[in-house]
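One structure is given here, and the rest of the page talks about it.
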Amino acid sequence: MVIKVEDFFSFLHKCLDKTFHNFDQVVLPAPSRNPLLKNYYFTPMTQTGTYNLDSYRTVDPLKVFFFQPREKMLPAGFPAIKRLIVGAKGCDLRALHVLDQAMINKDFVDPGYSHWRHSTTIIATDCSEIAPTCHCTLTGGKPFAEAGFDLNLSRLGEQYRVTVGSDKGQELLDLMAKNFSMQPAKEGIKSAIEKKRSEIIRLLHEQNRAFERGDDYTRLQSSGKENWNRESLTCVGCGACTHICPTCYCLILNDETKAQQFVKVRSMDSCQLHGYARVAGGGSPRPKMFQRFRNRYLCKFLFMHSNFGELGCTGCGRCTETCTAGIDFRQVVRNISETVAVVS
């Protein structure tokens, strides 16, 4: 189905004021307030705000809406808020699929994550631009969502082609069609969108040509400590890379009990921090910086793949963008892979 861009935003405004649906919050990518920066941040929608659904991924990962940086777990009870998140990108939805397997499985269900997943509806949008650090195609992804969405929007001129991904999405589409003029997507529209998607893929291949590597990531584990030590020399262990990563879910559970109230608070943790996994006696499994640095790469390309059948890196490029030391994640993978290839 096809809907005009103007009508779609009218639909969102109607959702915001609960004319059409009982959403308590509608969240969209908004541009940075600094005109010199071309960045986008997920922001609660207002009737007068400016938003961009069609560029590249936001600075903040979709993860933060489900696995919050800090959240009270006990006493149990989470806000009964229904959210509509619009403008999610393919890299974030791939990441969410990894988190789903970690947080909602037959052995364990995280109550907070599960609550927010079930109370949130997601509308994805194709990327029409790429950020300098984007590299989803290096990790088997694409600059558009293939799964994990309730609805997906592909922009062509002043209209969106709408694709349904779930029962919740079908419900929203039916609501749109009932209140706005919508038409079936013609073959010409479909082919034009495919052409547009192919152009973005071409740009990604061109941008990341210097970082291309094979997909045998066991080479990362085979590389000697001298190589990892060299790559990690400028790392300061700040943890920014793991906190901004859409698939990292290390946590620490703190006891904040006061008087008669038993309180447990979960916070994000980072394997890059010096005290990570330190035991009561003071021992640490990875006391050296290069060991912690190496662990993150092995986690993304080997450990998560072993646990979930897919890579833990979706190529969003946020870790490179936020790195205090200016370390390019893509370059490290390439450097280490090449070193092992030469030795073998």
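The numbers here are math on the coordinates, done by the rules we state, and not lab data. Keep in mind it's a predicted model, so treat the numbers as computed, not measured. Quick reminder, even Gly has a Cβ in these numbers, built from the backbone with ideal geometry, and neighbours come from all protein chains shown.
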>> Net charge within 12 Å of F149 by Cβ-Cβ distance, Lys/Arg positive one each and Asp/Glu negative one each, not counting F149 itself?
In response: -1
> Using a simple spin-label model with points 7 Å from Cα along the Cα→Cβ vector, what separation in nm is obtained for Q183 and L298?
Replying inline: 5.8
> Which links in K38/K89; K82/K142; K18/K264 stretch past 25 Å when you go from one Cα to the other?
Replying inline: K82/K142; K18/K264
> Can you list the HN-Hα couplings for segment 80-89, worked out from phi with the Karplus curve (6.51, -1.76, 1.60; θ = phi - 60°), rounded to whole Hz and with x for Gly and Pro?
Replying inline: 7, 10, 9, 10, 10, 9, 10, x, 5, 10
>> Which of V164, V265 has the fewest other C-beta atoms within 10 Å, and how do the rest follow up to the most?
In response: V265, V164
> Across every pair of different alpha-carbon atoms, what Kirkwood hydrodynamic radius in Å does the chain reach?
Replying inline: 21.7
> Among all lysine pairs in segment 151-226 that are eight or more places apart or on different chains, how many have alpha carbons less than 28 angstrom apart?
Replying inline: 8
> Can you give the relative contact order of segment 295-340 as a percent, counting alpha carbon pairs under 8 Å and 6+ residues apart?
Replying inline: 23
> How would you rank H135, H118, going from fewest to most other Cβ atoms within 10 Å of each one's own Cβ?
Replying inline: H118, H135
>> Let me check I've understood the local charge: for F8, count other residues with C-beta under 13 angstrom from its C-beta, Lys and Arg +1, Asp and Glu -1. What total comes out?
In response: 0
> Roughly speaking, what is the stretch gain from V64 to K168, that is 0.36 nm per residue apart minus the C-alpha to C-alpha distance, in nm to one decimal?
Replying inline: 35.3 nm
>> Relative to 2.2 N^0.38 Å, what does the C-alpha radius of gyration of segment 35-113 come to as a ratio? Two decimals please.
In response: 1.30
>> Can you list residues from other chains, or at least 5 along the same chain, whose modelled amide H is less than 5 Å from the amide H of L156?
In response: R161
>> I need C235, C241 ordered by Cβ neighbour count within 10 Å, fewest first.
In response: C235, C241
> Taking Cα pairs under 8 Å and at least six residues apart, what relative contact order does segment 236-278 come out at, in percent?
Replying inline: 42
>> Pairing rule first: another cysteine's C-beta must sit under 4.7 Å. Under that rule, which cysteines of the chain stay single?
In response: C15, C127, C134, C136, C235, C238, C250, C271, C299, C313, C323
